[in-house]
1. Going through segment 127-163 one residue at a time, which ones are β-branched (Val, Ile, Thr) and open to solvent by 10 Å² or more (accessible area, probe 1.4 Å)?
2. Taking segment 441-477, which residues are at pLDDT below 75 and under 23 Å from Val413 (Cβ atoms)?
3. Considering only segment 185-212, how many residues are at pLDDT 90 or above, within 13 Å of Met97 (Cα to Cα), open to solvent by 40 Å² or more (accessible area, probe 1.4 Å) and not aliphatic (A, V, I, L, M)?
4. Of the conditions (1) over 24 Å from Val430 (Cα atoms); (2) in contact (Cβ under 8 Å) with a residue 24 or more places away in the chain; (3) open to solvent by 40 Å² or more (accessible area, probe 1.4 Å), Glu264 satisfies every one except a single condition; which number is it?
5. Mind telling me which of the residues Leu306, Leu335, Leu378 ends up being open to solvent by 10 Å² or more (accessible area, probe 1.4 Å), of a type in the set (A, V, I, L, M) and in a helix (DSSP H, G or I)?
6. Take Leu366 and decide whether it is without any contact (Cβ under 8 Å) to a residue 24 or more places away in the chain, more than 22 Å from Asn416 (Cβ to Cβ) and among the hydrophobic types (A, V, I, L, M, F, W, C).
7. Please determine, by comparing only the residues of segment 417-433 that are touching a Ser or Thr at 6+ places or on another chain (Cβ under 7 Å) and farther than 16 Å from Leu306 by Cβ, which one is surrounded by the most Cβ atoms within 10 Å (Cβ to Cβ).
Amino acid sequence: MSNHQPDDQAHTPVAEELTDGEHSGAAVAVVAVLCFGGLVASLMQTLVIPIQPELPRLLNTSISNASWVITSTLLAAAVAMPIAGRLGDMFGKQRIMLGSAALLVVGSLICALGGSLIPMIVGRAVQGLAMGFIPVGISLMREVTPPKLTSMAVAAMSATLGVGGAIGLPLSAWVAQSFDWRALFWVAAGLAVVVTLLVAFLVPHVDDSNGGHFDVVGAIGLALGLSGVLIAVSKGNDWGWGSGTTIGLLLGGLALLGIWGVFELRHSDPLVDLRTTARPAVLLTNVAAIAIGFGMMAQAVVMPQLLEIPKAMGGLGQTLLAAGLWMAPGGLMMLVFAPVSGTLINKIGAKFTMAIGAAVLGLGYLGAFLLMDAPWQLAVASVICSAGVGIGYAAMPTLIMSSVPMQEAGAAVGLNGLMRSIGTTSASAVMALVLTSSTVSYGPVEVPSHSAFQWCFLIGAIAAFVGVAITMSIPAARKRAAAKAETGTDAAVPAAQA
């Protein structure tokens with residue numbers, strides 16, 4: 001960790017004005033800009049899903065190669081979040097968010113102007129790097145909001161992770177059906193330009209840079225190790241879980257991450273302070289994030305497939321656009337429950353709030369397990385699941401920021417975002433494996449069986465309830481406060497709020 005200690009951000013003129021409680025309107029405007037930026041960044045995750053079946057033809061390539069258009073975005077986003085968080089701690093969060101928004105503009109333009117596979121993969125990877133906007137924005141919230149609004153602001157920003165993806169499905173489907181497929185990326189570029197301008201002119205540059213030296217070797221090691229593991233997990237179903245490529249990437253990635261961990265522990269100014277992240281409160285929150293992230297992605301993978309399979313093949317016979325519209329209320333529910341989550345955090349603490357969210361997510365999956373015979377039934381189950389995700393996701397950053405020094409908040413929230421990405425990537429692989437393990441043939445076409453969908457919902461419920469158990473094992477706030485007093489470390493928010 002850097003020996004450079006940060007100035008007290010609360011005493012900078014900008015921070016004083018925004019956090020004194022007398023300028024709530026200005027703080028709300030900043031929060032709205034940050035949430036909009038997070039919404040646009042997360043929308044990129046599902047931007048090309050409506051045209052995914054057409055990508056091989058549009059890009060004149062194979063189905064396997066075309067899948068990298070989506071995989072590259074997920075990989076870049078996973079790597080970008082902890083790195084962007086660390087850069088935000090070092091150089092100032094507003095600067096890094098401005099850079100993330102600019103990356104989104106560049107990536108969108110590359111995709112819009114490129115008509116072949118390589119430019120598309122490169123552009124999508126650059127779009128994925130913009131996901132660093134979200135953890136940096138979350139960690140900035142405490143510096144630009146009065147204490148009474150901080151929990152609500154963090155909850156709303158966290159909800160954009162799910163809302164953007166959910167809104168992206170029907171929006172992208174409508175754009176792709178009504179216009180040329182390149183219009184998707186021109187729209188993305190336009191939105192990214194708006195975000196860039198809003199961040200440049202409306203988000204204040206708080207003096208929150210802590211200095212230090214960027215750990216280039218650590219960033220490269222993390223990127224390579226994560227890429228090996230996540231590529232193996234995401235492509236295992238295509239390549240075969242027993243293939244040399246899958247096993248080699250998985251074991252190689254894990255070995256690199258092990259070496260990276262040893263390097264980080266010995267580094268004086270690491271990318272991620274592993275000693276801090278090994279604290280029980282931080283470690284268990286991150287493990288719970290994997291379980292809840294797994295639960296969130298399971299519904300996004302499974303429910304649209306069930307909705308879109310023709311009725312003659314045992315599905316619900318919805319078009320791509322209709323399926324997206326049935327799923328959209330769930331995404332909006334995450335935003336609706338953001339203030340509920342903020343209120344719960346203030347009333348009962350972030351730990352119990354996150355446990356409630358995971359429990360609601362599990363109940364939603366149990367509802368889907370029992371009710372999957374009509375689109376409206378899946379929509380209801382999706383709404384319940386999304387409400388749980390919205391509550392749980394909102395509580396995670398508060399738990400993290402209450403347990404780490406203020407100057408490490410950005411990197412810590414970014415690492416938590418990475419843990420969620422690991423959960424979502426794992427869910428995609430597991431759900432694909434389950435759905436292809438039990439199929440029914442309709443002539444030359446094979447579709448997942450009814451029992452395969454039920455197993456997916458059951459696995460999602462189990463993951464959510466595992467998240468409840470892990471969350472409840474997080475040390476109580478008073479114990480963390482005592483530990484903090486012993487070590488003399490500062491925390492980003494009062495431990496009592498966690």
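The values are calculated or read from the model by the stated rules, or taken from the named source; none is laboratory data. As the structure is a computational prediction, the values presented were derived from the model and not from experiment. All Cβ positions, glycine included, derive from the backbone under ideal geometry; neighbour counts span all protein chains shown. Accessible surface areas use protein heavy atoms only, side chains included; no ligands, DNA or RNA. Shrake-Rupley method; radii C 1.70, N 1.55, O 1.52, S 1.80 Å.
1. Across segment 127-163, the qualifying residue is only Thr150.
2. Across segment 441-477, the qualifying residues are Ala476, Ala477.
3. Adding up the residues that qualify gives 1.
4. Going through the list (1) over 24 Å from Val430 (Cα atoms); (2) in contact (Cβ under 8 Å) with a residue 24 or more places away in the chain; (3) open to solvent by 40 Å² or more (accessible area, probe 1.4 Å), Glu264 breaks only (3).
5. Numbers: Leu306 fails: open to solvent by 10 Å² or more (accessible area, probe 1.4 Å); Leu378 fails: open to solvent by 10 Å² or more (accessible area, probe 1.4 Å).
On inspection, the qualifying residue turns out to be Leu335.
6. no
7. First, the residues of segment 417-433 that are touching a Ser or Thr at 6+ places or on another chain (Cβ under 7 Å): 425, 428-429.
Now restrict to residues that are farther than 16 Å from Leu306 by Cβ: 425, 429.
Numbers: Thr425: 24, Ala429: 19.
Selected residue: Thr425.
Every residue, every condition in (1) in a helix (DSSP H, G or I); (2) of a type outside the set (Phe, Trp, Tyr); (3) at positive phi; (4) open to solvent by 30 Å² or more (accessible area, probe 1.4 Å), yes or no:
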{"position": "Ser386", "(1), (2), (3), (4)": "yes, yes, no, no"}
{"position": "Thr398", "(1), (2), (3), (4)": "yes, yes, no, no"}
{"position": "Ser403", "(1), (2), (3), (4)": "no, yes, no, no"}
{"position": "Ala411", "(1), (2), (3), (4)": "yes, yes, no, no"}
{"position": "Gly414", "(1), (2), (3), (4)": "yes, yes, no, no"}
{"position": "Leu435", "(1), (2), (3), (4)": "yes, yes, no, no"}
{"position": "Ser441", "(1), (2), (3), (4)": "no, yes, no, yes"}
